[in-house]
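Engineer: The structure is given below, and queries will be raised subsequently.
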Amino acid sequence: MVDRGFNSPNRKCSIRDFDLARLRVCPGKPGAGNPHAGFYLGGEAQGQPRLLPTDHRIDHQALLAKVQAPPRIRRQLKAWLQAGILEGDHLSPTTAGTPQGGSCSPLLALIALHGMHEAITQLHPHARVITYADDGVVLHEDRQMLEHAQELLKTWLAQIGLSLNEAKSSIRHTLEGDQPGFTFLGFDIRQYRMDKHQSGKGPRGHGRLGYKTLSKPAKANVTDHLAELGRIIKRGRARPQGLLIRQLNPKIRGWATYYRTGVSQAVYDRLDHLTWIKLRSWARWRHPRKSIGWITRRYWHRLGARLTFTTSATDPHAASLRAHSEVTIVRHGKIQGNRSPYDGDWVYWSTRQGRHPMISAKLAWLLKTQQGRCRYCGLYFQHDDRIEVDHINGNHRDARSANLQALHGHCHNAKTREHRDYLPLGLRDKHQDTEERREAKVSCAALEQR
């Protein structure tokens, strides 16, 4: 069940945590047409998503009733909801709904739709519900269950002033049918028949399923992105090459970075080729009497192993066009359970994001680089562990990143003893605030008795 009613520019933010019921990350095997990792469906479930967008008439009182926060935050949230809409000189009151396209719109939608998951899973424990803002998916192997879930959602949404848009609703199978799969948050997600060598595995890696689930950039989004690049190039016919490059790079880098978690390499290569064709037309329009070779030498220069659309090296404002394929494909690990950036587990979030307000930027970067493991013992760091930054070569003046590593406190002491470096007495295998007594202390009388 997918809701596509959210139109905010921030809508493309959570496909990386999309769980697709029993679909789990599968390492897969490289092969023709499928060089990247995919997903597989555990058990016999193949998933039948139901597309059900909602209207934006969220009841303010119902939304505020779900907020468990101090009164000051509740008052601020209420003020945002009732701020009104200013169009020209006319102020329209907002008695219901949330501000669409605003930075807080996804958060307000998440608050309003909190509890939808329990409304379905209480009656259908095997169903999987995935939501982001007002976009959502319900997955189950039984079509009748999805039809029942639709009625449940109608009743549940009516309590908070929402309704389902049946015009944008449909039931689709992820493997069979004329149009298998569905689109969710800019990704086309469907299953493909595979032979035994390429097929996804069953639960716990046992057995072959005969198919694999892949998430690719949606065709409509690829077309829109290419059209946007074409408009920028067309408007920039009379602009300098460097200015055109600086206008294209943010679009290319942002679009490719969002889709880097999916099966996107083939799409990246195709977009690079089509962008090159548009740029060649741009150059030929500027120099209609010049040959292709002259145009290529003027606007394309060799950087590394390929020709790149770049300015000359003598240009004081030199710039090079970024390619979609330069963005590395990075598989995303789903956030564990009910983890939250506000739960205080700085080890987990530093390892995941490389930053955290509770620790230094240096230690957070080391945790991410080491993937949360101690380089001495190889064990994962825990929240209550004592973690220290060690200088690998023992020179404390050498603070280069290549000379730093994060270690457990006791591992740091053991490594120092092995290298015979200086270690203050009383700090071995003890907390930093604990100091042991010296084994022997020489004392003398202040006054000698005669």
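Engineer: Mind running the shape call on the stretch 65-131? Use the C-alpha gyration tensor, a ≥ b ≥ c as the square roots of the eigenvalues: rounded below 1.5 for a/c, prolate if a/b tops b/c, oblate otherwise.
Structural biologist: It comes out prolate by the Cα gyration axes.
Engineer: Obtain the nm distance between the two label points defined at ARG289 and ALA227 by a simple spin-label model: each point lies 7 Å from its Cα along the Cα-to-C-beta direction.
Structural biologist: A separation of 3.8 nm, rounded to one decimal place.
Engineer: How long is the gain from LEU379 to SER340 if the chain were fully straight, where each residue apart is worth 0.36 nm and the alpha carbon distance is subtracted?
Structural biologist: 11.7 nm
Engineer: At 37 °C and a viscosity of 0.692 mPa s, what translational diffusion coefficient does Stokes-Einstein give for the stretch 205-345, taking Rh as the Kirkwood radius over Cα pairs? Give it in µm²/s as a whole number.
Structural biologist: Using the Kirkwood radius from Cα pairs, D works out to 186 µm²/s.
Engineer: Contour minus end-to-end for HIS148 and ARG397, with contour as 0.36 nm per residue of separation and end-to-end as the Cα-Cα distance?
Structural biologist: 82.9 nm
Engineer: For the stretch 191-238, which trypsin sites (Lys or Arg not before Pro) pass both filters: DSSP loop (anything but H, G, I, E, B) and at most 10 other C-beta atoms within 10 Å?
Structural biologist: LYS196
Engineer: Taking Cα atoms of the stretch 72-217, Rg/Rh with Kirkwood Rh, to two decimals?
Structural biologist: 1.08
Engineer: Considering only protein heavy atoms, what per residue accessible area in square angstrom results for the stretch 169-309 with a 1.4 angstrom probe?
Structural biologist: Roughly 54 Å² per residue, with all protein chains present.
Engineer: Please give the length that would be gained between ILE85 and GLN61 if that part of the chain were fully extended, namely 0.36 nm times their separation in residues minus their C-alpha to C-alpha distance (nm, one decimal).
Structural biologist: Values: separation 24, 0.36 × 24 = 8.64 nm, distance 1.91 nm.
Between ILE85 and GLN61, full extension yields an extra 6.7 nm.
Engineer: For each pair in LYS251/LYS368; LYS196/LYS219; LYS219/LYS334; LYS66/LYS362, compute the distance between the two Cα atoms and list the pairs where it is over 32 Å.
Structural biologist: From the list (LYS251/LYS368; LYS196/LYS219; LYS219/LYS334; LYS66/LYS362), the Cα-Cα distance tops 32 Å for LYS66/LYS362.
Engineer: Still on this structure, I have one more. Quick check: with the 1.4 Å probe, what order do TYR132, TYR192, TYR380, TYR342 take by accessible area, largest first?
Structural biologist: TYR342, TYR380, TYR192, TYR132
Engineer: With every protein chain left in place, what is the accessible area per residue of the stretch 322-418 in square angstrom, probe 1.4 Å?
Structural biologist: 60
Engineer: How would the stretch 311-415 be classified by its alpha-carbon gyration tensor: rounded, prolate or oblate, with rounded meaning a/c under 1.5 and the a/b versus b/c comparison settling the rest?
Structural biologist: Here the stretch 311-415 falls in the oblate category.
Engineer: Now, a different point. On the accessible surface of the stretch 314-414, probed at 1.4 Å, how many percent belong to carbon and sulfur atoms?
Structural biologist: 51
Engineer: On to the next question. Would you work out if the stretch 216-287 is rounded, prolate or oblate? Take a ≥ b ≥ c from the square roots of the eigenvalues of the alpha-carbon gyration tensor; rounded if a/c is under 1.5, else prolate when a/b is larger than b/c, oblate otherwise.
Structural biologist: Prolate is the answer for the stretch 216-287, as a/c is 1.5 or above and a/b outweighs b/c.
Engineer: Take the solvent-accessible surface of the protein heavy atoms, probe 1.4 Å, and return the percent of it on the stretch 209-262 that carbon and sulfur atoms account for. All intermediate terms of the calculation are to be shown ahead of the outcome.
Structural biologist: Numbers: 1240 of 2350 Å².
Accessible surface attributable to carbon and sulfur in the stretch 209-262 totals 53 percent.
The values are calculated or read from the model by the stated rules, or taken from the named source; none is laboratory data. Just so it is clear, the model here is predicted, and its values are computed rather than measured. Using ideal geometry, Cβ is built from the backbone for each residue, glycine included, and neighbour counts are taken over all protein chains shown. Each accessible area value is taken on the protein alone, full model and side chains, heavy atoms only, with ligands, DNA and RNA left out. Shrake-Rupley method; radii C 1.70, N 1.55, O 1.52, S 1.80 Å.
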